[in-house]
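Colleague: One structure, as structure tokens, below. Some questions next.
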2 protein chains.
Amino acid sequence: MIKVSITDDHYVVLKGIESLLKDEKHINVISIHENAKDTLKAFKVNEPDILFLDINLPDINGIELTKTITKTFPKVRIIALTNHEDVSFVKRILDNGAFGYLLKNAHKAELLEAISTVTKGEKFLQESIKKKILNQSLGRTENTAFQPKLTRRETEILKAISEELTTQEISEKLFISPKTVEAHRMNIMSKLGAKNSVGIIKIAIQKQLL
Amino acid sequence: MIKVSITDDHYVVLKGIESLLKDEKHINVISIHENAKDTLKAFKVNEPDILFLDINLPDINGIELTKTITKTFPKVRIIALTNHEDVSFVKRILDNGAFGYLLKNAHKAELLEAISTVTKGEKFLQESIKKKILNQSLGRTENTAFQPKLTRRETEILKAISEELTTQEISEKLFISPKTVEAHRMNIMSKLGAKNSVGIIKIAIQKQLL
DNA sequence: TATGATCTAAGGGTATTCCCTAGTTTTTAA
DNA sequence: TTAAAAACTAGGGAATACCCTTAGATCATA
């Protein structure tokens, strides 16, 4: 008997997964939660084998919660549940301890497959995601979405730019020379492949760097 | 007996709503669809009284589909289903023929209330949305998200800016003086309440103006 | 203790954005 | 059918961003 929990702030998604799984005799949905706090609280009483976890929760960032659960309840295997098809995002989730990655358009068969694969201790990825990863490492079509690594300072300046601050204002805020701010901005542009600050913001929002 | 259809590209959401409604004796879920095309096709054979419609579909923009359905199948009452809490967005949907607006975190009671309200021919809004509208028209807290109306030319220039084009490039593309482009950009900034082009893009993405 | 990565920041341009003002055309409504 | 409003056009001038190069200081780590 596999014990399954689900955490998602969308009630209909909770009920959807629950209803898809309840016909399965070897699966027992032991709890459903709408936020991170309730999830952690419930786990102290009854810990599942598998958690379907929505990455976009209201209270905590999903990646952080994945880390926390992996540390506190190492036996729980997490299957991330999102709409993000961005490959770099998938990698980040898996790197942080998740065992599987499912899109919300997944059908019943995929749900069950994910559960059985993860139960065996193997990682599970939905077909469409696998294809994307392949396309990316081979063809590099366009979604060449490798995760650009910004440094601490660059991240600070990125945030400041997104707050519509000028170079002058940023320099005053961070106690550095305007020239330094410009240097960082240039590096950010080149790392993100942007032509100007507008491009920086566009890409930063796309890749959730903010 | 109220005939209900559901359209959502997330299978678990479809099953979730279906499972929540199937215990209700006066409600009959006659069909579920994962995209706009299938929905319209199915309606030709069997038309529901109420359609729960996800606004973010892969094939057609949800607002457009709302318009289409309202024209082609005027008896069908649409309840929009999204995560957008933006008030201006709600208004746009309702203006285009929707009868109700539900967030995906809605619980069973709200689903049922939405159905009964809309069946009576009244408009339905989820409580949390109502509150937001109130807060907005009174306090104007921060989410002062009224839909800024951009002109045709402004929209063209907004798109060009988001493509990281410079003023010069935009002027050549649209066969107008660079100075005119700048004037439009200034108007866009003032309409959106942005301090610079970065702000324009940020807000445009937020408000889905692109 | 090097070696690389990061943070710092200068000079010296050019290009672009931002701001104010204002004429012309088009659309809307009395 | 005219005013009035809105949209489109665009100029001058100041401020800011962008783009090179170069380079010292700091910090982690192998």
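Colleague: Going by amide H atoms built from the backbone, whose H comes under 5 Å of the H on B:Ile27, apart from near neighbours?
Modeller: Those lying under 5 Å, H to H, from B:Ile27 are B:Ile2.
Colleague: Which angle between 0 and 90 degrees, to the nearest 10, do you get for helix B:108-119 versus the longest principal axis of chain B when only C-alpha atoms count?
Modeller: 90 degrees
Colleague: Now for a separate question. Tally Lys/Arg at +1 and Asp/Glu at -1 over every other residue whose Cβ is under 12 Å from the Cβ of A:Ala194; what's the total?
Modeller: +3
Colleague: Mind checking the angle between helix B:197-206 and chain B's longest principal axis? C-alpha axes, 0 to 90 degrees, to the nearest 10.
Modeller: 10 degrees
Colleague: A follow-up question, please. Let me check I have the definition right: for the stretch B:57-104, take the eigenvalues of the Cα gyration tensor, multiply each by 5, take square roots. What are those semi-axes in whole Å, largest first?
Modeller: Semi-axes (√(5λ), whole Å): 17, 12, 9.
Colleague: Could you go through the stretch A:34-41 in sequence order and give the Karplus-derived ³J(HN,Hα) for each residue, using 6.51 cos²θ - 1.76 cosθ + 1.60 with θ = phi - 60°, rounded to whole Hz, and x for Gly and Pro?
Modeller: In residue order, the calculated couplings are 9, 7, 5, 4, 4, 4, 5, 4 Hz.
Colleague: While we're looking at this one, here's another question. Using a 10 Å cut-off on Cβ atoms, rank the peptides B:26-32, A:156-162, A:115-121 from the highest mean neighbour count down.
Modeller: A:156-162, B:26-32, A:115-121
Colleague: Taking H placed 1.01 Å from N in the peptide plane, check which residues at least 5 places from B:Ala106 or on another chain put their amide H under 5 Å from its amide H.
Modeller: Distant-sequence amide H within range of B:Ala106: A:Tyr11, A:Val12.
Colleague: I would also like to ask the following. Points 7 angstrom from Cα along the Cβ direction at A:Glu169 and B:Lys71: gap in nanometres?
Modeller: Calculated label separation equals 4.4 nm.
Colleague: What is the mean number of Cβ atoms from other protein chains located within 10 Å of the Cβ atom of each residue in peptide B:100-112, rounded to a whole number?
Modeller: That average works out to 3.
Colleague: Identify the trypsin sites (Lys or Arg not before Pro) of the stretch A:16-46 meeting these criteria: DSSP loop state and at most 10 other C-beta atoms within 10 Å of the C-beta.
Modeller: The qualifying sites are A:Lys25.
Colleague: Could you work out the helix-only [θ] at 222 nm for chain A, with each DSSP H run of four or more residues adding -39,500 (n - 2.57) and the total divided by the number of residues, to the nearest 500 deg cm²/dmol?
Modeller: Values: 10 runs with 108 residues, N = 210.
Helix-only estimate at 222 nm: -15500 deg cm²/dmol.
Colleague: How far is B:Lys123 from itself in the other copies, in nm, if each label sits 7 Å out from Cα along the Cα-Cβ line, shortest first?
Modeller: The answer, with the shortest distance listed first, is 4.9 nm.
Colleague: Hey, which aspartates and glutamates would be in cross-link range of A:Lys179, C-alpha to C-alpha under 20 Å, not counting anything within fewer than 8 residues on its own chain?
Modeller: Once the sequence-local aspartates and glutamates are set aside, what remains near A:Lys179 is A:Glu154, A:Glu156, A:Glu163, A:Glu164, A:Glu169.
Colleague: Please compute the average number of Cβ atoms from other chains found within 10 Å of each residue's Cβ in peptide B:194-200.
Modeller: Taking all residues of B:194-200 together, the mean is 5.
Colleague: Per the Kirkwood treatment, what hydrodynamic radius in Å, one decimal, follows for the protein assembly as shown from the mean inverse distance over all distinct Cα pairs?
Modeller: After inverting the pairwise mean of 1/r, the radius is 23.8 Å.
Colleague: Ok, one more. Just need the relative contact order of chain B here, percent rounded to a whole number, with Cα pairs under 8 Å and 6+ apart.
Modeller: In percent, rounded to a whole number, it is 13.
Colleague: From the P(r) of the stretch B:152-206, can you give the percent of Cα pairs sitting at distances over 16 Å?
Modeller: 29 percent
Colleague: Using unit Cβ charges (K, R positive; D, E negative) and no other charged atoms, how large, in debye to the nearest 20, is the dipole of chain B about its Cα centre?
Modeller: Computed about the Cα centre, the dipole is about 620 debye.
Colleague: Around B:Phe175, under 14 Å between beta carbons, what's the net of Lys plus Arg minus Asp minus Glu among the other residues?
Modeller: It works out to a net charge of 0.
Colleague: At q = 0.08, 0.16 Å⁻¹, work out log10 I(q)/I(0) for chain A with the Debye formula, treating every Cα as an identical point scatterer and leaving solvent out; two decimals please.
Modeller: Calculated log10 I(q)/I(0) at the listed q: -0.36, -1.02.
Colleague: Here's another thing I want to ask about it. For B:Glu24, go 7 angstrom from Cα along the Cα-to-Cβ vector, then report the distances to that same point in the other copies in nm, smallest first.
Modeller: 2.9
Colleague: Which number do you get for Rg(Cα) / (2.2 N^0.38 Å) in the stretch B:1-119? Each step should come with its number before you reach the end.
Modeller: Working: Rg = 12.8 Å, N = 119, 2.2 N^0.38 = 13.5 Å.
So the stretch B:1-119 has a normalised radius of gyration of 0.94.
Colleague: Counting only residues 5 or more places away or on other chains, whose amide H sits under 5 Å from the amide H of B:Leu51 once H atoms are built in the peptide plane?
Modeller: Here the answer is B:Ser5, B:Arg77, B:Ile78, B:Ile79, since their amide H atoms fall under 5 Å of that of B:Leu51.
All of the numbers you see were taken from the coordinates with simple rules; none came from a lab. Just so you know, these numbers come straight off a predicted model, no measurement behind them. Note that we place each Cβ from the backbone using ideal geometry, even for glycine, and neighbour counts take in every protein chain shown.
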